[in-house]
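In what follows, a single structure is set out as structure tokens and then discussed.
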Amino acid sequence: MAEMNRGASPQNTLALNMKLIAQHELDGFGGIGEGMGMQEKNGRRIMWLGHEGAPKNFTALDVTDPAKPKMVVQTELPHSKMRSNSIEVYEDLLLVSHQIRGEFGMKPAGMTLWDISTPEKPREISHFDTSGPHSLGVHCVWCVDGQYVHMSTGAADFEPNNPKDYQIYMIVDIRNPSKPVEKGRWWYPGQKKGEEPLKRHPKFDSGYRPHNISWYPERPDRAYVAYLDGGVVILDISDMAHPKHVSTYNYSPPMNGFTHTAMPLFSRDLLLVTDECTNDDGKDWPKLAWIMNMADEKNIVPLSTLPLPPVETFAKRGGRFGAHNIHENYPSRLSWRSDDIILGTFFNGGVRVYDIRNQYQPQEIAYFVPGAPKLSPKGAVQVNDVYVDDRGLVYIGDRFTGGLYILEMKI
């Protein structure tokens, strides 16, 4: 298999206090989704990556020596109308989301659990089916304890009022990984068929459905849900079978919707919230990353936004420009965690690093914007996701062709 490839255009790379160590184009299938997870096995560091679309399912790279990433395994999807956009790694367990592109009712749609104790030979353990006449399957998975998966998914028995509202929050018990079972679910009031219909966004109707769900051991009775046009939702999940609403903060409209991620910073009573840019050429600008106060969780208050890369430089650079993901302080010994330094991805604006010790005046302290990857359909990089390991190394993925970039921060 091919080893490290250096495909970025150096003359177009922009950087401040970040240095490229290596890039791997994943043997020509460099489209990385919103899933990165690290495993340590027999002294090796393995980075697992979900793909944005067909034909590949997931890829693993050995990043023990970050300057020389090596392909370990790359797997195929069953058919071309699928994506494995989101993954999670918990020790020797790999969870892979499967979402159908565009056609309700198709299979396989749901989540697949894999035994990755031998990284070169992943073994399928089970498939949790969430297909149905109004379902496209699972978009996002979150699992930090190896016991419960928090996911955004459709379901065979859930029919939305509006076809754009096809996913709900579901908790799945995987304590027996060969027989995953639903534990509980919650949806936005008005989302389900028969309920009073929700008010639609007048300009950008992205839908009412969950995207990322965050759950941390520090506060096991809470789930923090980014609900697209529904804003941020905090749920009490002390009884996982019956999640209860705590609060909602919805700032769209007047903003342009698509709340993507909500990450609590417990030591500071703060909530980091990102929107997702979903339109090319700045059509839905601004898409922001917010710092919010949640000291009173029933009265969330926005304090500031992370400084955006200049719209004059990036809006027309190619593809999407605006906020997307953040490094989510994954509670693992292999993950770097900070309540003061935040890393976020901005598609063609690259990855950005912020000092938020003053939550009212966050400061950008580093960034890296790769040049246009070879064969990029947008003519620019589209940095999709970011993961920081316990060594302080930064991993970013391009949405289309660039594959994985490994960076060093100098902050």
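Highest mean packing comes first when the peptides 361-374, 344-357, 179-192 are listed by Cβ atoms within 10 Å, giving 344-357, 361-374, 179-192.
Among LEU94, LEU393, LEU288, the residue with the largest mean-square fluctuation in a Gaussian network model of the chain, with springs joining Cα atoms closer than 10 Å, is LEU393. For the pair ASP281 and THR313 in one chain, pulling the backbone fully straight at 0.36 nm per residue adds 10.4 nm over the alpha carbon distance.
The residues THR278, THR259, THR153, when put in order of fewest to most other Cβ atoms within 10 Å, stand as THR278, THR259, THR153. Close amide H contacts of ILE125 (hydrogens built in the peptide plane, cut-off under 5 Å, sequence separation of 5 or more or a different chain): LEU113, TRP114, ASP115.
From the largest down, segment 36-347 spans 50, 45, 39 angstrom on the principal axes of its Cα atoms. Look at the alpha carbon pairs under 8 Å that are at least 6 residues apart: their mean separation over the length of the chain gives a relative contact order of 15 percent. Checked against a 27 Å cut-off, the cross-linked pairs LYS68/LYS121; LYS192/LYS244; LYS199/LYS244; LYS121/LYS164 give Cα-Cα distances beyond that limit for LYS121/LYS164. The HN-Hα couplings worked out from phi for segment 401-407 by the Karplus form 6.51 cos²θ - 1.76 cosθ + 1.60 (θ = phi - 60°) are 9, x, x, 9, 10, 10, 10 Hz, whole numbers, x standing for Gly and Pro. All Cα-Cα separations within segment 354-399 were binned at 5 Å from zero, giving a P(r) of 5, 17, 18, 19, 19, 12, 7, 3, 0, each value a whole percent of the pairs. When the Cα positions of PRO309, SER247, ALA323 are compared along the charge dipole of segment 215-370, PRO309 comes out farthest toward the positive end, with charges on each C-beta of Lys, Arg, Asp and Glu.
From the Kirkwood radius over Cα pairs of segment 1-151, Stokes-Einstein at 25 °C and 0.890 mPa s returns a whole-number translational diffusion coefficient of 152 µm²/s.
Apply 1/(1 + (r/R0)^6) to the Cβ-Cβ distance of LYS68 and GLU196, taking R0 = 51 Å, and write down the FRET efficiency to the nearest 0.05. Before the final figure, lay out the partial values.
Details: r = 58 Å, r/R0 = 1.13.
Here the calculated transfer efficiency is 0.30.
Name the residue farthest towards the positive end of the dipole of segment 36-347 from the options VAL232, HIS127, TYR216, assuming +1 on Cβ of Lys and Arg, -1 on Cβ of Asp and Glu, about the Cα centre. It is HIS127, whose Cα lies furthest towards the positive end. With neighbour counts taken as other beta-carbon atoms within 10 Å, the residues TYR169, TYR216 rank, fewest first, as TYR216, TYR169.
So what is the calculated 222 nm ellipticity per residue for the chain, using -39500 (n - 2.57) for each DSSP H run with n of 4 or more, over all residues, to the nearest 500 deg cm²/dmol?
Details: 1 runs with 4 residues, N = 411.
So the calculated ellipticity at 222 nm is 0 deg cm²/dmol.
By counting other Cβ atoms within 10 Å of each Cβ, how are MET111, MET106 ranked from fewest to most? Please report the intermediate quantities before stating the final value.
Working: MET111 30, MET106 16.
If I rank by nearby Cβ atoms, fewest first, I get MET106, MET111.
About its Cα centre, segment 36-347 has a charge dipole of approximately 540 debye under the convention of +1 per Lys or Arg Cβ and -1 per Asp or Glu Cβ, with nothing else charged.
Compactness ratio for segment 135-241: Cα radius of gyration over 2.2 N^0.38 Å (N = residue count) comes to 1.07. For segment 80-165, chymotrypsin sites (Phe, Trp or Tyr not before Pro) meeting the loop criterion (DSSP other than H, G, I, E, B) and having at most 16 other Cβ atoms within 10 Å: PHE104.
Once backbone amide H atoms are built at 1.01 Å from N, GLY53 has SER84 as its partners under 5 Å, excluding neighbours fewer than 5 places away on the same chain. Within segment 232-276, what residues put their amide N at less than 16 Å from the label point 7 Å along the Cα-to-Cβ vector of ASN161? Hits in segment 232-276 for ASN161 at 16 Å: 253. For ARG333 and LEU375, what does the FRET efficiency come to when R0 = 45 Å and r is the distance between their Cβ atoms, rounded to the nearest 0.05? Calculated value: 0.75. Remark: spin-label model distance ASN42-LEU303 equals 4.7 nm, labels positioned 7 Å along the Cα→Cβ axis.
Here, each number is a calculation from the coordinates, and none is a lab measurement. All values derive from a computational prediction rather than experimental measurement. Positions of Cβ are backbone-derived with ideal geometry, glycine not excepted, and every protein chain shown enters the neighbour counts.
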